[in-house]
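**Student:** Submitted below is the structure of interest, expressed as structure tokens.
Read the figures in this text as sums done on the coordinates, not as results from a lab. Only a predicted model underlies this, so the values are computations on that prediction, with no experimental measurement involved. Please note: Cβ atoms are built from the backbone with ideal geometry, for glycine as well, and neighbour counts cover all protein chains shown.
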Amino acid sequence: MDYIETDFEFIKKKLIRLFDSVLFAIFLGVLIVIQIATAYIGIQNLMNCPIQPKIPVYLFIFGSFGLVKILNVFYEIWKRSKKEQLEQSNILGTSGYDHGMHSERDSNGARVVDALISLFLLIWFIVGNYWVISIWKPNFIQPPEIDSHKWCEETVYMSAVFQLILFYALIFLFLLVIFFLFISSRLKHYRLMKKYLEEASENVKV
């Protein structure tokens with residue numbers, strides 16, 4: 001009987017193929033533009049949301065660290081592509097071994113940094129949920145002087161809302177992809193097991 005991939009191996013292989021696609025690169029490019037715009041809106045409007053002054057700060061930091069995260073994903077994709085090229089070229093020798101050792105150490109360090117950035121973004125996102133939702137829905141026009149702090153510039157607030165919706169949508173999309181890949185893996189296992197049982201049954205008859 002041929003080797004059957006585990007669900008984890010199947011999902012990992014399909015995700016790597018997806019991440020290496022041109023479509024995913026375009027998707028990351030769009031996210032980069034969004035993160036730059038988010039950070040810009042935040043830094044340009046630090047004083048334009050007095051009802052919750054942390055929201056512009058949230059936008060700036062989330063956009064900046066989100067940009068770093070996406071660029072790191074691009075770097076990982078490029079590094080994996082380069083590694084595959086080296087393996088296909090059958091580079092041998094001591095220097096190649098040393099290079100592999102250094103690359104492995106660098107990769108481990110990059111994973112730690114990436115994990116810390118992801119953890120920070122998750123915590124910052126949760127905190128941002130509270131800051132944004134707790135003042136829903138603010139006055140977008142500055143009121144008379146007596147209540148001058150009870151407003152938030154519309155672009156700032158709606159950008160924060162958009163970021164929250166986008167983050168939830170990305171999480172949902174990722175889980176949806178994982179779910180469909182898991183179903184595909186299960187169906188593949190079922191077909192292979194059915195084929196194996198049919199072959200075994202024919203052998204018994206012979």
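**Student:** Quick check: residue separation of Ser89 and Asp114 times 0.36 nm, minus the Cα distance between them. What number comes out in nm?
**Tutor:** Numbers: separation 25, 0.36 × 25 = 9.00 nm, distance 2.91 nm.
Difference between extended and current length: 6.1 nm.
**Student:** Okay, next question. Treat the chain as a sphere of radius equal to its Kirkwood radius over Cα pairs and apply Stokes-Einstein at 37 °C in a medium of 0.692 mPa s; give the translational diffusion coefficient in µm²/s, rounded to a whole number.
**Tutor:** The estimated diffusion coefficient comes to 156 µm²/s.
**Student:** Hey, what number do you get for the chain at 222 nm if only DSSP H runs of n ≥ 4 count, each worth -39500 (n - 2.57), divided across all residues, to the nearest 500?
**Tutor:** Here the helix-only value at 222 nm equals -29000 deg cm²/dmol.
**Student:** How big is the dipole moment of the chain about its Cα centre under a simple scheme where the beta carbon of each Lys and Arg is +1, that of each Asp and Glu is -1, and everything else is neutral? Debye, nearest 20, please.
**Tutor:** Roughly 340 debye, rounded to the nearest 20.
**Student:** As an exercise, take the mean of 1/r over every pair of distinct alpha carbons in region 109-206, invert it, and state the Kirkwood radius in angstroms.
**Tutor:** On the way: mean 1/r = 0.0539 Å⁻¹.
So the Kirkwood estimate lands at 18.6 Å.
**Student:** Can you tally the net charge around Leu86? Count Lys and Arg as +1, Asp and Glu as -1, for every other residue whose Cβ sits under 12 Å from the Cβ of Leu86.
**Tutor:** On the way: positive: Lys79, Arg80, Lys82, Lys83; negative: Glu84, Glu87.
Once positives and negatives cancel, what remains is +2.
**Student:** Note the angle between two axes, namely the Cα long axis of helix 22-44 and the longest principal axis of the Cα atoms of the chain, as a number of degrees from 0 to 90, rounded to the nearest 10.
**Tutor:** Value to nearest ten degrees: 20.
**Student:** Something else: Compute the longest continuous run of the chain that contains no exposed chymotrypsin sites (Phe, Trp or Tyr not before Pro); treat a site as exposed when its DSSP state is not H, G, I, E or B and it has at most 12 other Cβ atoms within 10 Å. Walk me through the numbers on the way to the answer.
**Tutor:** Details: sites that count: Tyr3, Trp136.
The answer is 4-135.
**Student:** If you place +1 on the Cβ of every Lys and Arg and -1 on the Cβ of every Asp and Glu, how big does the dipole about the Cα centre of region 113-206 come out, in debye to the nearest 20?
**Tutor:** Numbers: 8 positive and 8 negative charges, 149 e Å.
Charge dipole of region 113-206: 720 debye, to the nearest 20.
**Student:** From the cross-link list Lys79/Lys188; Lys79/Lys195; Lys69/Lys188; Lys12/Lys83; Lys14/Lys69, which pairs have alpha carbons spaced over 28 Å apart?
**Tutor:** Checking Cα-Cα distances, Lys79/Lys188; Lys79/Lys195; Lys69/Lys188 exceed 28 Å.
**Student:** I'd like to know which of Ser81, Phe27, Ile16 lies farthest towards the positive end of the charge dipole of the chain, counting +1 on Cβ of Lys and Arg and -1 on Cβ of Asp and Glu.
**Tutor:** Going by the Cα projections, it comes out as Ile16.
**Student:** Could I ask something else about it? Pairs of alpha-carbon atoms within less than 8 angstrom and 6+ residues apart define the contacts here; what relative contact order does region 7-205 have, in percent?
**Tutor:** On the way: 136 pairs, mean separation 56.5, N = 199.
The value is 28 percent.
**Student:** Which is farthest toward the positive dipole end of region 7-205 among Leu119, Ala200, Ser184, measuring Cα position about the Cα centre, with Cβ charges +1 (Lys, Arg) and -1 (Asp, Glu)?
**Tutor:** The residue sitting farthest along the positive end of the dipole is Ala200.
**Student:** Sticking with this structure for a sec: Label points 7 Å out from Cα along the Cβ direction at Phe179 and Ser64: separation in nm?
**Tutor:** 3.7 nm
**Student:** Right, next: When Lys and Arg each count +1 and Asp and Glu each count -1, what net charge do the other residues less than 13 Å away from Trp124, Cβ to Cβ, add up to?
**Tutor:** Neighbour charge sum, excluding Trp124 itself: +2.
**Student:** On a 0 to 90 degree scale, rounded to 10, what angle separates helix 54-88 from the longest Cα axis of the chain?
**Tutor:** 20 degrees
**Student:** Another question, then. Quick check: the angle from helix 94-133's long axis to the longest principal axis of the chain, C-alpha only, nearest 10 degrees?
**Tutor:** That helix lies at roughly 40 degrees to the long axis.
**Student:** Then there's this: Which of the listed residues, Phe172, Leu67, Pro138, is farthest toward the dipole's positive end in region 7-205, when Lys, Arg count +1 and Asp, Glu count -1 at the beta-carbon?
**Tutor:** Towards the positive end, the residue furthest out is Phe172.
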